[in-house]
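The values are calculated or read from the model by the stated rules, or taken from the named source; none is laboratory data. In this text the structure is predicted, and so the values were computed from the model without any measurement. Neighbour counts run over all protein chains shown; Cβ positions are idealised from the backbone, glycine included. We work out accessible area using only protein heavy atoms, side chains counted, and drop any ligands, DNA or RNA first. Shrake-Rupley method; radii C 1.70, N 1.55, O 1.52, S 1.80 Å.
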Amino acid sequence: MVTLLDYGAGNVRSVINALEGQGASVKIVEKNEDILSAERLVFPGVGAFGHMMQVLHQRGYIEPLKAYLASGRPYLGICLGMHALFDASDEALETRGLGILNGRVKQFDIDLAVPHIGWNGVHIKQPSRLFSGFSGGEKFYFVHSYYVEPLDEDVVLTVTDYGQCFVSAVQKGSIVGTQFHPEKSGNAGLRLLKNFMDETTLPAQPAQAFDNTQLAKRIIACLDVRANDQGDLVVTKGDQYDVRKDGNVRNLGKPVELAKRYYDEGADEITFLNITGFRDFPLEDMPMIDVLKQTSRNVFVPLTIGGGIRDYTDKDGKTYSALDVAEAYFRSGADKVSIGSDAVLVAEQYLATGEKTGKSAIEEISRVYGSQAVVISIDPRRVYVASPDDVKHVVIKTGIPGPDNEHYCWYQCTIKGGREGRELDAITFAVACEHLGAGEILLNCIDRDGTTQGFDTELINAVKKMVSIPVIASSGAGSAAHFHEVFSTTGAESALAAGIFHRRDVPIGEVKSYLMDKVPIRE
Ligand code: 1PR
């Protein structure tokens, strides 16, 4: 029996599914006594430190948690569930942690993209049953901007390299905490959770010495989802965003089945885009919620969902905030939400006034769930100009001349699935979204979408240069070599593709084999 402390923020469904998949029966904490009587407690913190501690206080969980932690019974804190053990966090200076471990939580101040998102390794620093049977080369999924800095060296269980060496897991007696998410770390993570449940009977893994760990470049499979004309929810795929062929919506498979296939083939992450979300309100369009729930039952890598994340008033006058929509997605198994059209409107307003309202979807969702949970999906299209002075937008010099031999272009943001162009360029937009609290950019390119001509590396470089959050390169992949090209010529942290995976032109395994000795990847 595992007791799970769910304080109401983020995706606990995946943790429950992962634990149950390893044979646990999971009980969710509903009252103080559930913490006090737990045999084994898992606290999968997601979100932001200040909000988490505030909720723990409001629910009266602080003292029971401290009593449990003093009892010597097993505790696994994941991410914020580990941060909570420390005295304080730079994320919320006025808020105290539980103070079980001495030290504080600090923010990365490095020359690499922050949040640290993706698959990285760990060095095991002390004998540990949690890592029993691990070879040492495994990678785990991280997603965080803050890391713990214990004052006491003895509690350091693992360390990881990302611009600096940071503590990626702690252990003190029966209390363990991991910065990475075992429930999102594929087979390695599932094994670790199993070890947590069987710990007393396992031989301890000795401390090991390895070369520096490396953050892997992520390969992301994207599933554009919508209802076809018969009303069935299908994975579709467009050419430059046109998903119809001979008048019908292209049907490339069923979302849940395809997601499972990509997980089995080694996808590092899966993205669902509800491409008609701009007109169908997601909370009325429950099939997407079902897709997430079903997928998270047997897919243990991060899931992102986009489409329709915005404020909404239904026909009865009931209002829903973008935060409500995001919350429904997180509770159904999503780890990140991706905002498209609404983010453009938010950024336009921010750029016009220079003021943050604190109320926009980007700000609200990142405040509650953390910036790492907010991806901005950009749908730009090239607009050629004869001279950089022709427009007020950020213009780049391009090596791909336009129809009238123009050597300059800007990237026009669009909304509503490319249907409406706006007076905003992709670079200015990306920077504004970072200021507003977004944690990652999903950079599509309408001109390249579905063409198999390769990624638009000019666009990716132009955006990447201006932001310090991770960028997902998207649109145009046609071969394994295109992934190598995008990773070797741009700083993109990950690359996303759809068509080649759906049509099985180049399976994910083949992309990874090709990249194996060229760039760091998760095997
Ligand atoms: O605007 O917040 O409701 O979000 C809608 C989301 O749906 C946005 O993320 C937008 O990118 C997406 N979307 C809307 N219409 C379409 C369409 O295709 N008609 N799909 C669409 C966008 C682009 C990529 C695609 C890559 C890789 N799909 O995600 O998967 O281009 O494709 P490829 O490898 O085959 O070239 P909102």
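Just to be sure I follow: if Rg is taken over the C-alpha atoms of region 50-90 and Rh is the Kirkwood radius over the same atoms, what is Rg/Rh?
On the way: Rg = 10.4 Å, Rh = 10.9 Å.
Rg divided by Rh gives 0.95.
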Within region 238-313, DSSP-loop GluC sites (Glu not before Pro) with at most 13 other C-beta atoms within 10 Å are Glu284
Counting all Cα-Cα pairs in region 265-310, those more than 11 Å apart amount in percent to 67
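For Asp152 and Ser135, calculate 0.36 nm times their separation in residues minus their Cα-Cα distance, and state this gained length in nm to one decimal.
3.5 nm
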When only DSSP loop residues count, what GluC sites (Glu not before Pro) in region 337-445 have their Cβ near at most 13 other Cβ atoms within 10 Å? Glu355
Distance in nm between label sites at Val391 and Gln214, each 7 Å beyond Cα in the beta-carbon direction? 3.8
What is the sum of charges around Pro470, taking Lys and Arg as +1, Asp and Glu as -1, for the other residues whose C-beta is under 12 Å from the C-beta of Pro470? 0
Which three extents, in whole angstrom, do the alpha-carbon atoms of the chain cover along their principal axes, largest first? 73, 57, 45
In nm, to one decimal, how far is the Asn102 label point from the His407 one, both placed 7 Å along Cα→Cβ? 6.4
Extent of region 354-423 along each principal axis, from alpha carbon coordinates, in Å, largest to smallest? 48, 26, 21
Of the heavy-atom accessible surface of region 2-208 (probe 1.4 angstrom), what whole percent is carbon and sulfur? 46
Around Tyr75, under 10 Å between beta carbons, what's the net of Lys plus Arg minus Asp minus Glu among the other residues? +3
Just to confirm the filter: which trypsin sites (Lys or Arg not before Pro) across region 395-470 are DSSP coil and have at most 16 other Cβ within 10 angstrom of their Cβ? Lys416, Arg419
Please give the FRET efficiency for Thr353 paired with Asp290, using the beta carbon to beta carbon distance and R0 = 41 Å, rounded to the nearest 0.05. 0.55
Return the carbon/sulfur percentage of the accessible area of region 412-458, one whole number, probe 1.4 Å, all protein chains in place. 39
Averaged per residue, what accessible area in Å² does the chain show with a 1.4 Å probe, protein chains only? 38
Percent of Cα-Cα pairs more than 12 Å apart in region 212-252, please. 65
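Once Rh for region 58-169 is found with the Kirkwood sum over Cα pairs, what is the Stokes-Einstein diffusion coefficient at 37 °C and 0.692 mPa s, in µm²/s?
Values: Rh = 15.2 Å.
The estimated diffusion coefficient comes to 217 µm²/s.
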At Gln164 and His435, where each label point lies 7 Å from the Cα along Cα→Cβ, what is the point-to-point distance in nanometres? 2.7
Among the listed pairs Lys172/Lys512; Lys66/Lys217; Lys106/Lys172; Lys172/Lys260; Lys336/Lys392, give every one whose C-alpha distance is greater than 30 Å. Lys172/Lys512; Lys66/Lys217; Lys172/Lys260; Lys336/Lys392
Where the centre of each part is set by its Cα atoms, how far does region 285-362 sit from region 463-480, in angstrom? 22
Tell me, what is a quarter of the convex hull surface for the C-alpha atoms of region 155-220, in nm² with one decimal? 5.5
Can you say what percent of the DSSP beta bridges in the chain, counting only those with both residues inside, are antiparallel? Round to 5. 50
Once each part is reduced to its C-alpha centroid, what is the distance from region 230-279 to region 1-78 in angstrom? 35
Within the chain, helix-based [θ] at 222 nm, where runs of 4 or more DSSP H residues each add -39,500 (n - 2.57), nearest 500: -8000 deg cm²/dmol
Cα-only Debye scattering, region 2-208: base-10 log of I(q)/I(0) at q = 0.10, 0.11, 0.15 Å⁻¹: -0.37, -0.45, -0.89
